[in-house]
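> Could you have a look at this structure, given as structure tokens, before my questions?
The values are calculated or read from the model by the stated rules, or taken from the named source; none is laboratory data. None of these values were measured; they are calculated from a predicted model. So basically every Cβ, Gly included, is an ideal-geometry build from the backbone, and we count neighbours across all protein chains shown.
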Amino acid sequence: MNLPYSGLVSARKLEITILIGIIILVFKFIFPITENSFILILNEVLIFCALYFGVLYTSHFTQLKKNEPISLIINIGIFNAVLFFLSALSSSLFEVIPSLEVNVNFIYSAISLIIAYIFMAGVVVVLSAFKELYFIRLKTDTHKSYDAMIVFFILAFFAASLPDSNEDPNFIGLTFFVVSIILISINSFRVSWIAFLTKKQKTQLLIISIILGIIFILNAVSTFENSFIKQLLENFSPGLHSLLRLMMIYGSIYCGIIFFTSLFHLPTAEAFDKKVEEASSLKDLSRLITQVFDFNELADSITNLTTKVSNSDSAWLVTKEPGGLKLSSVSNIGYVDADEITKIFESEGILNQEEFVTFSRKQIRLKIKNDIRLFDFKALAISPLKVHNNTSGFLFAARKQNYGFDEDEKKSIEAFADYAAVALENAKLIEESIEKERLKSELKVAREIQYKILPSTTPNCDNLQVSALFIPAYEVGGDYYDFFRMNEDKLGFVIADVSGKGISSAFIMAEVKGVFETLAKLIDSPKELLVKANNILSESLDKKSFVTAVYGFVDKKKGQLSFARAGHMPVYICRNQKIEKLVPNGIGLGLDYGYSFEQNLKEQTVDLVDNDIIVLYTDGITEAKNIKMEEFGYNRFESIISSENFENVEELKSKIINKISSFTQGNSQHDDITLVLMKWVSNNKPSGVN
Amino acid sequence: MADFNVTTRGVGPVRVIDLKGYLDAHTAPELEQEFNKLIDHNDYKVVVNFDELKYISSAGLGVFMAYVETMRENKGDIKFSNMQDDVFNIFDLLGFPVLYEFFKDEKEAIEKFNQKEKS
């Protein structure tokens, strides 16, 4: 919003203005009165420059108020009143001095300078304030008529100093003056900003424009009267006086137009206010939706704004919950009443239509026939909250006056219902994601706990190398392995697989650990131990769940492996790169709690030979799948184990992991993977690798 | 996701459930529903035909465990038939043959039910 010529001068406008002011001061003391046209022109140029920089400077302040036209108008009014007061006072105190050339003295010069400066300041402020008012809400770039007006102001300013010949009046000056007034009249019609004021502000403006208009007219008239001030200013600078006159006329016209405009706007002000409020409340609401995650809080705002915007007395919001409709928020109506009305309309089946509906007084009466106590509502609107064709609730608006909802009110109720629907959806999504986040962090804790349940280190034995691995498919898994130092000679071990995956199996797995850990201290025989474990687990396992396990021990003194298999995967013994699958009878824990379990469980004992590798695993290995849904299978697994004579079981373990991961590449893990490897090294030679 | 399909047909007093595809934790509820329907209709004699079943997970096995008791308490049973070797291997490792009856062919299983009826 720059004046076209304001780019010429950078910062220091105030300093320049003051500097020119001082030059004028000096100039005026040297030439208090002159008829010399050169000096006169110089005088005019100086004053013009002072005014120009003054306007540039004050524009800074008026620009700050470009959104508060009323305060701009009041500013104009204050300066105007000062000028009025000054001219009235000085006119009554001083007479017109008949002959300046004779009577000019120092006091007169001083007073005239002070008064002239005040008038200059007044002109500057009024001009820049008008400029700002002109540019308020200017939507086009073309402001030719404004530019033209300024040009004519300048022309009128300089033309005023042209000498009046005795007979002819100053025709050129007069022409410019008249054109300026025409342009002022044209430009004064730019008062569209009035439309955007509130009703209260419009009323204020109406009153201000009357007062201000009167002052302007009085001031304007006084510039034409032959008064002390006129004489003083014309002597000081004819251009300034001419400009002042123009400003006063501008003000008078402008105030007049403001007066009529705001007068005519007053009747529609209320409706306009409403529209503005609606727009701003929708804006507020959309901001709330992105900021407030608590749906109930939002629901309160929605019902509140609905009553305001739709001219309703009450509004309430119900949401669809699994258990039926739930009242989320009420505005200006009791919970019980709102609930009751909702129920009546629900039972009438009106809510099933899931469409926007309104009801007149008669229709409401008809519906709530036997409950006169409740309602004096005479119009009711129900709007469904719809997102993706899914109705998540209803927004009710009701009014007590006996007139129906207008189209635009219906639209705004619908708009609020839409917002509510989005907010509700958002709140749900956020709640879900918070819940998800919470579960995630809890699962992380569960995972840490599970890793603590599993042995953190593998037992170190002189003649038994041990290595183990556990990779859950999800955060937590249902596989379990452990080692128990039963006595000096015997090292117990267990591997177990709980049916199912994830959390449910992880819980059972924790219990299985407790059972095995306790029993391993009490019972030596693998068969007895598994029978006992089956009995204990029968109390906690549900019908669908079972656990497969291999429990056994290595007797280092005898060089023997003893174990029993409860439905678990075969135990492999790899001897001289040949695998022997040991599958003694035995059914899974939890499949049967009677004699069948005990009867069918066979214990097996194997005499170990040097370099025998015992392999225990869960079906997560053999059932590992690649993208084509092919299983890793027994053959691949067994061929790795028998591929070479592994000096170190760690080596075998990493080879198995590598093969599985290169096989399943790109496919997610389906089941928990557990692997326990033990190598018998009876002659106690140090292991070759590492 | 691997697909799974379950259908039931009646052969005399016996219901035959045909399983197809992959029975795992995701698809197990479908089979559970089928069993619930049978119980609602007081059909307790069930033969499960595994002919077209490609894979069964521990969650799938759990379904039979959950319902066999109810069937047996009502003078019925769940019998398995037409199982492919790899699927049978899973049942076998777990020791199911001790607790359940397995048949090569569906007819044998139905026959077994009918024999019992007569005796």
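> Being of a type in the set (S, T, N, Q) and either within 8 Å of chain A (Cβ to nearest Cβ) or surrounded by fewer than 20 Cβ atoms within 10 Å (Cβ to Cβ) (or both) is the filter here, so list the residues in the range B:69-90 that pass it.
Selection gives B:70, B:74, B:84, B:89.
> So, of the residues in the range B:25-50 that are among the acidic types (Asp, Glu) and under 19 Å from residue B:100 (Cα atoms), which turns out to be farthest from the other protein chains (Cβ to nearest Cβ)? Before you say what the answer is, go through the steps one by one.
Going residue by residue through the range B:25-50, those that are among the acidic types (Asp, Glu) are B:30, B:32, B:34, B:40, B:43.
Add one more test, that the residue is under 19 Å from residue B:100 (Cα atoms), and what stays is B:32, B:43.
On the way: B:32: 9, B:43: 19 Å.
Checked the range B:25-50; the qualifying residue farthest from the other protein chains (Cβ to nearest Cβ) is B:43.
> Same structure, new question: Working only within the range A:352-391, note down all residues that are at pLDDT below 80 and of a type in the set (A, V, I, L, M).
A:364, A:366, A:368, A:372, A:374
> Can you pull out the strands (runs of 3 or more DSSP E) entirely within the range A:448-507 that have at least 2 residues that are under 19 Å from residue A:518 (Cβ atoms)? If you could, list the steps in order and put the result at the bottom.
On the way: elements: A:464-471, A:479-485, A:490-498.
Of the strands (runs of 3 or more DSSP E) lying wholly inside the range A:448-507, those with at least 2 residues that are under 19 Å from residue A:518 (Cβ atoms) span A:479-485, A:490-498.
> Assess whether residue A:518 counts as being under 26 Å from residue B:56 (Cα atoms) and either more than 14 Å from every other protein chain (Cβ to nearest Cβ) or crowded, with 24+ Cβ neighbours inside 10 Å (or both).
No, not satisfied.
> OK, next. Among the residues of the range A:475-505, what is the count of those that are within 23 Å of residue B:59 (Cα to Cα), more than 14 Å from chain B (Cβ to nearest Cβ) and among the aliphatic types (A, V, I, L, M)?
Residues meeting the conditions: 2.
> Does residue A:386 satisfy the criteria of being of a type in the set (D, E, K, R) and outside any helix (DSSP H, G or I)?
Spelling it out, residue A:386 is indeed of a type in the set (D, E, K, R) and outside any helix (DSSP H, G or I).
> Just to confirm my filter: which helices (runs of 4 or more DSSP H) fall fully inside the range A:598-681 and include at least 2 residues that are out of contact with any helix residue (DSSP H, G or I) (no Cβ under 9 Å at 6 or more places or on another chain)?
Passing ranges, in order: A:633-641, A:649-664.
> Any idea how many residues of the range A:628-645 are touching a residue at least 12 places away in the same chain (Cβ under 8 Å) and either away from chain B (no Cβ under 12 Å) or charged (D, E, K, R) (or both)?
Total satisfying the criteria: 10.
> Can I ask one more? What residue, of B:93, B:53, is aliphatic (A, V, I, L, M), surrounded by 15 or more Cβ atoms within 10 Å (Cβ to Cβ) and within 14 Å of chain A (Cβ to nearest Cβ)? Before the answer, list the steps.
Details: B:53 fails: within 14 Å of chain A (Cβ to nearest Cβ).
Answer to the check: B:93.
> Continuing with this model, one more query. Regarding residue A:280, is this residue in contact (Cβ under 8 Å) with a residue 60 or more places away in the chain and under 21 Å from the mean Cα position of the chain (by Cα)?
When the stated conditions are applied, residue A:280 does not pass them.
> Of the residues that make up the range A:311-333, is at least one part of a helix (DSSP H, G or I) and in the same structural domain as residue A:399 (by TED's automatic domain parsing)? I'd like the intermediate steps shown before the answer.
Residues of the range A:311-333 that are part of a helix (DSSP H, G or I), as a first pass: none.
No, the range A:311-333 has no match at all.
> A further question follows. I'm trying to understand the selection: among the residues of the range A:271-283, which are among the charged types (D, E, K, R) and surrounded by fewer than 12 Cβ atoms within 10 Å (Cβ to Cβ)?
Within the range A:271-283, A:283 is the sole residue that qualifies.
> Further question: Going through B:66, B:59 one at a time, which residue ends up being within 10 Å of chain A (Cβ to nearest Cβ), over 26 Å from residue A:582 (Cα atoms) and in contact (Cβ under 8 Å) with a residue 24 or more places away in the chain? If you could, list the steps in order and put the result at the bottom.
On the way: B:59 fails: over 26 Å from residue A:582 (Cα atoms).
Just one listed residue meets the conditions, B:66.
> Can you report the number of residues in the range B:17-54 which are closer than 18 Å to residue B:72 by Cβ and either part of a strand (DSSP E or B) or of a type in the set (Phe, Trp, Tyr) (or both)?
Of the residues in the range B:17-54, 7 are closer than 18 Å to residue B:72 by Cβ and either part of a strand (DSSP E or B) or of a type in the set (Phe, Trp, Tyr) (or both).
> So how many residues does the range A:533-584 have that are more than 14 Å from every other protein chain (Cβ to nearest Cβ), closer than 20 Å to residue A:487 by Cβ and not in a loop (DSSP other than H, G, I, E, B)? Explain how you work it out, then say what you get.
Of all residues in the range A:533-584, those more than 14 Å from every other protein chain (Cβ to nearest Cβ) come to A:533, A:535-536, A:539-540, A:551-563, A:573-580.
With the extra rule that they be closer than 20 Å to residue A:487 by Cβ, the set shrinks to A:551-563.
Going one step further and asking which of them are not in a loop (DSSP other than H, G, I, E, B), we end up with A:551-555, A:560-563.
Number satisfying all stated conditions: 9.
> Moving on to the next point. Can you tell me which condition residue A:570 does not meet? The list is (1) farther than 17 Å from residue B:91 by Cβ; (2) in contact with a helix residue (DSSP H, G or I) (Cβ under 8 Å, 6 or more places away or on another chain), and all the others hold.
Exception for residue A:570: condition (1).
> Please identify the pairs in which a residue from the range A:563-581 that is outside the structural domain of residue A:635 (by TED's automatic domain parsing) has its Cβ atom under 6 Å from the Cβ atom of a residue that is among the hydroxyl-bearing types (Ser, Thr, Tyr) and buried (at least 23 other Cβ atoms within 10 Å of the Cβ), counting only partners at least 6 apart or on another chain.
none
> Identify, from the list A:474, A:481, the residue that is in contact with a Pro (Cβ under 9 Å, 6 or more places away or on another chain) and either under 26 Å from residue B:90 (Cβ atoms) or in the same structural domain as residue A:651 (by TED's automatic domain parsing) (or both).
A:481
> Within the range B:8-29, which residues are within 13 Å of the chain's Cα centre (by Cα) and either surrounded by 18 or more Cβ atoms within 10 Å (Cβ to Cβ) or under 30 Å from residue A:669 (Cα atoms) (or both)?
B:14, B:15, B:16, B:17, B:18, B:19, B:20, B:23, B:28
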